[in-house]
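Scroll down for the structure; my scribbles are underneath it.
The values are calculated or read from the model by the stated rules, or taken from the named source; none is laboratory data. Computed from a predicted model, the values in this text were never measured in an experiment. Here the Cβ positions follow ideal geometry from the backbone for every residue, glycine too, while neighbour counts run over all protein chains shown.
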Ligand code: SF4
């Protein structure tokens, strides 16, 4: 970790300087000549992060399919005709075994996803056992379980959960075109519950869902103007899956894959507006060229998911990642994330999250 960055996060957030981004400012970033945008993003990146280190995370689906939500991109929705079988919550020991394997393969963080609208209170004891078990291995823990009530966020915080993932998915204006079973505000409410509990926030979205650039500006604006920036910002490229509304709408059209340069612009905008966040290349990376991934790293992406699968979607795979890292001279992140190295006192956190998350 870079010594000089220790308290930058507090400065950025405490003086309020940079969570007041306007949409116009973010649109101007997107509009910059590409090389200029890349240079600015790379400059912000190396001021705040070790520039050649990339965090390795592993994602495991601990409860797959049968989700009552209707997220238009998701093969796990019960509304989709994607052929994904619904399963029960994995056994605690099986999850711990998979976490141990991920640790052996160099993963720093173990992320676990359950296809739920929200966890039921009866699920919480097993979830808590999983969090405690993975944390005891010395790995960072992250969960994504859908919407969280304040008391559930508190329970997870007490169990020692490091991160909770809940994506805003897209900009507020496009959101209703993607999901109808819950509102944008529901997403923001869960993020606020997570933040208030003291758990670190992981929140990002998906590009290439048929949205406009203005929607991508709105997506970055939502995250960059939260009272406190998310510590992790996953940026996904849609993997169109047949049988899902968006997969069927976009498959076999020129919009089936987001333009690489536009994707890199989105990564760069995330990096510039949220300098301390870990910006994660997530779904869609397996279909990107090595050159496009290299541009993403140049633009400030510094976290990836490893392994062959992301929940139900294919991923790049450990061997191809190792080869790419070697080719680019990148190494696995060893130190702590900058945003976490200046963890706040509960009183500071309360001050920062007291405002309405809108
Ligand atoms: S994205 Fe999550 S909440 Fe939405 S349908 Fe898929 S599993 Fe359910």
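Quick notes on this structure:
- Of everything in segment 86-96 that is assigned to a loop (DSSP other than H, G, I, E, B) and crowded, with 16+ Cβ neighbours inside 10 Å, the residue that is farthest from the ligand (Cβ to nearest atom) is 90.
- Scanning segment 314-334 for residues that are modelled with pLDDT of 85 or more, more than 17 Å from residue 295 (Cβ to Cβ) and touching a strand residue (DSSP E or B) at 6+ places or on another chain (Cβ under 6 Å) returns 331, 332, 333.
- Filter result (away from the ligand (no atom under 16 Å from the Cβ) and in a loop (DSSP other than H, G, I, E, B)) within segment 97-127: 105, 106, 107, 108
- Among strands (runs of 3 or more DSSP E) entirely within segment 191-251, having at least 2 residues that are on the phi < 0 side of the Ramachandran plot, over 15 Å from the mean Cα position of the chain (by Cα) and in contact (Cβ under 8 Å) with a residue 24 or more places away in the chain singles out no element at all.
- Scanning segment 68-85 for residues that are more than 19 Å from the chain's Cα centre (by Cα), near the ligand (Cβ under 9 Å from one of its atoms) and surrounded by 23 or more Cβ atoms within 10 Å (Cβ to Cβ) gives 77, 80.
- Looking across segment 145-190, the residues that are under 18 Å from residue 58 (Cα atoms), without any contact (Cβ under 8 Å) to a residue 40 or more places away in the chain and within 15 Å of the ligand (Cβ to nearest atom) come down to 145, 164, 166.
- Residue within segment 128-136 that is in a loop (DSSP other than H, G, I, E, B) and either out of contact with any helix residue (DSSP H, G or I) (no Cβ under 7 Å at 6 or more places or on another chain) or more than 16 Å from the ligand (Cβ to nearest atom) (or both) present: no
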